[in-house]
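Quick notes on the structure that follows.
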Amino acid sequence: PDSENPATPVTFPPAFLWGAATSAYQIEGAVREDGRTPSIWDTFSRTPGKTEGGDTGDIAVDHYHRYREDVALMAELGLDAYRFSVSWSRVQPTGRGPAIQKGLDFYRRLVDELLSKGIKPAVTLYHWDLPQELEDAGGWPERDTAHRFAEYARIVGEALGDRVEQWMTLNEPWCSAFLGYASGVHAPGRTDPAASLRAAHHLNLAHGLGASALRSVMPARNQVAVALNSAAVRPLSQDPADLAAARKIDDLASGVFHGPILHGAYPESLYEATAGVTDWDYVLDGDLALINQPLDALGLNYYTPSLVSAADPNTKGPRADGHGASEHSPWPGVDDVAFHQSPGDRTEMGWTVDPTGLHELIMRYTREAPGLPLYITENGAAYDDKIDSDGRVHDPERVAYLHGHLSAVRRAIADGADVRGYFLWSLLDNFEWAYGYGKRFGAVYVDYASLERTPKTSARWYGRAARTGTLPEVGAV
Ligand code: PNW
């Protein structure tokens with residue numbers, strides 16, 4: 001396949017899964033219903049100044065009540081699979097103890113609705129919404145949170161393991177640890193570099209304990225994975241100082257998770273880079289083996305590459321890094337690296353559109369984890385979409401983004417990568433965390449006053465790709 005040449009159709013293997021993704025807090029709403037209690041995102045979004053416009057997920061896109069309509073939309077578009085997350089505080093409101101059946105019933109109904117339309121459910125157990133009571137007890141920097149997660153994983157695995165085959169423990173633990181506990185732009189909004197590294201370790205432990213809990217209660221055919229946002233980190237030059245800067249960021253973006261998860265060890269260079277921040281004494285004997293569970297697949301989320309260089313630590317002031325506005329860095333222990341804007345068009349997030357980063361990322365994990373099937377568990381773009389006078393939402397930039405990135409996936413497959421599927425982020429416009437509702441990632445437009453759904457041009461384009469297994473030309477829909 002040659003994306004440069006429009007005459008060559010970009011065609012995918014017949015078994016390739018065409019999906020879309022969402023997460024609980026970003027779409028469900030109904031935050032006080034059926035016994036649900038606050039998660040850290042409820043608390044954080046209700047704290048003045050934490051989200052744009054003071055937006056919260058109180059209503060979001062009301063998916064909790066409109067899931068049938070949303071599943072019908074997916075079926076109409078022709079999607080094969082749907083990735084969603086379970087809200088821990090709907091299932092175990094205090095983060096411990098017996099499950100609330102009403103909470104589990106919602107997900108049973110959702111899954112049954114999907115299955116009745118032939119759509120494969122893919123469940124993420126944790127997409128950032130820790131029950132507030134667990135944060136009050138110390139949150140991810142506390143080891144006990146990992147054990148609580150394992151118990152929660154067992155409960156959900158028991159409830160849905162007979163009908164859901166694809167499982168992910170965590171979504172983007174990098175964001176949970178470093179945006180949540182170091183830069184503080186995500187819940188719970190703490191700015192403690194040492195705590196963020198403890199959080200990272202306990203998230204890893206939660207993954208390992210959670211993966212084995214799932215396996216112990218589910219049919220052996222089910223697949224257990226994790227979704228990482230391992231950045232494609234590039235040095236600004238081949239200067240050894242820039243290479244060292246890229247190495248540091250790569251360790252803290254990727255190695256800190258895939259090291260223990262895939263290889264049972266943290267990178268030596270990570271221990272060196274963080275020596276001034278933590279001594280890692282919370283990594284107990286046996287932890288690395290617990291974390292290093294066999295996996296059935298690896299999920300990769302990709303949006304944009306990172307471009308870094310060495311910098312003088314005495315140069316103070318904020319450094320643009322595309323990870324949200326905070327004087328506190330999400331990179332604990334790193335004060336000698338500068339982030340640069342990669343060249344090229346940008347999305348509404350300010351993130352450069354660069355499909356070559358996705359190809360690189362896939363090839364990297366093809367080498368890093370030979371034989372492990374890969375899924376692109378998130379990829380997509382925010383644009384300033386509007387309903388046009390013809391009642392439609394025309395989003396040619398998003399179509400171009402998807403075409404470019406899906407072509408990169410196809411090139412990686414041609415280069416020997418075992419990519420089994422792609423989940424567009426996101427099915428619907430939704431609550432974009434600290435950015436609130438101002439950033440629209442959906443293939444389906446949501447009017448936030450009426451909550452009416454309108455598929456954008458990109459949804460129709462993607463649906464056609466899903467139904468035919470071949471990318472339509474940009475502009476064909
Ligand atoms: C991911 N960063 O978030 C999440 O998994 C989604 O819930 C989210 O809506 C989507 O990507 C779009 O942002 C990220 O600062 C948030 O590097 C922040 C970063 C990366 C991913």
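Below 15 angstrom from the Cβ of HIS65, what's the summed charge of the other residues (Lys, Arg +1; Asp, Glu -1)? Around HIS65, the charge tally is -2. Cross-link reach is defined here as a Cα-Cα straight distance under 12 Å, omitting same-chain residues fewer than 8 places apart; for LYS386 the aspartates and glutamates meeting it are ASP395, ASP429, ASP447.
Ranked by the mean number of other Cβ atoms within 10 Å of their residues, highest first, the peptides 437-446, 260-269, 341-350 fall in the order 437-446, 260-269, 341-350. Restricting attention to the chain, close to 25% of DSSP beta bridges with both partner residues there are antiparallel. For the chain, the relative contact order is 18 percent, taking Cα pairs closer than 8 Å that sit 6 or more residues apart in sequence and dividing their mean separation by the residue count.
The stretch between ARG32 and ASP112, if pulled fully straight at 0.36 nm per residue, gains 26.4 nm over its current Cα-Cα span.
For the chain, what percent of Cα pairs sit more than 31 Å apart? Counting pairs separated by more than 31 Å, the tail of P(r) holds 38 percent. Since only THR94, THR51, ALA75 are under comparison, the one whose Cα sits farthest along the positive direction of the charge dipole of the stretch 46-106, derived from C-beta charges on Lys, Arg, Asp and Glu, is THR94. From largest to smallest, the equivalent ellipsoid semi-axes obtained for the stretch 200-348 from the alpha-carbon gyration tensor read 31, 19, 13 Å. Net charge of the neighbourhood of ASN229, taken over other residues with C-beta under 11 Å away and scored Lys/Arg +1, Asp/Glu -1, is -2.
Could you list, in their original order, any pairs among LYS120/LYS248; LYS50/LYS117; LYS50/LYS120; LYS120/LYS439 whose Cα atoms are separated by more than 32 Å? In this structure, LYS120/LYS248; LYS50/LYS117; LYS50/LYS120 lie more than 32 Å apart at Cα.
Taking other residues whose beta carbon is less than 15 angstrom from the beta carbon of TYR271, and scoring Lys, Arg as +1 and Asp, Glu as -1, yields -4. Helices in the chain, meaning DSSP H runs of at least 4 residues, each add -39500 (n - 2.57). Divided by all residues, the mean residue ellipticity at 222 nm is -10000 deg cm²/dmol.
A short reminder: the numbers here are calculations on the coordinates, not readings from a lab. Note that this is a predicted model, so its numbers are computed, not measured. Counting neighbours? That spans all protein chains shown, and the Cβs are built from the backbone with ideal geometry, glycine included.
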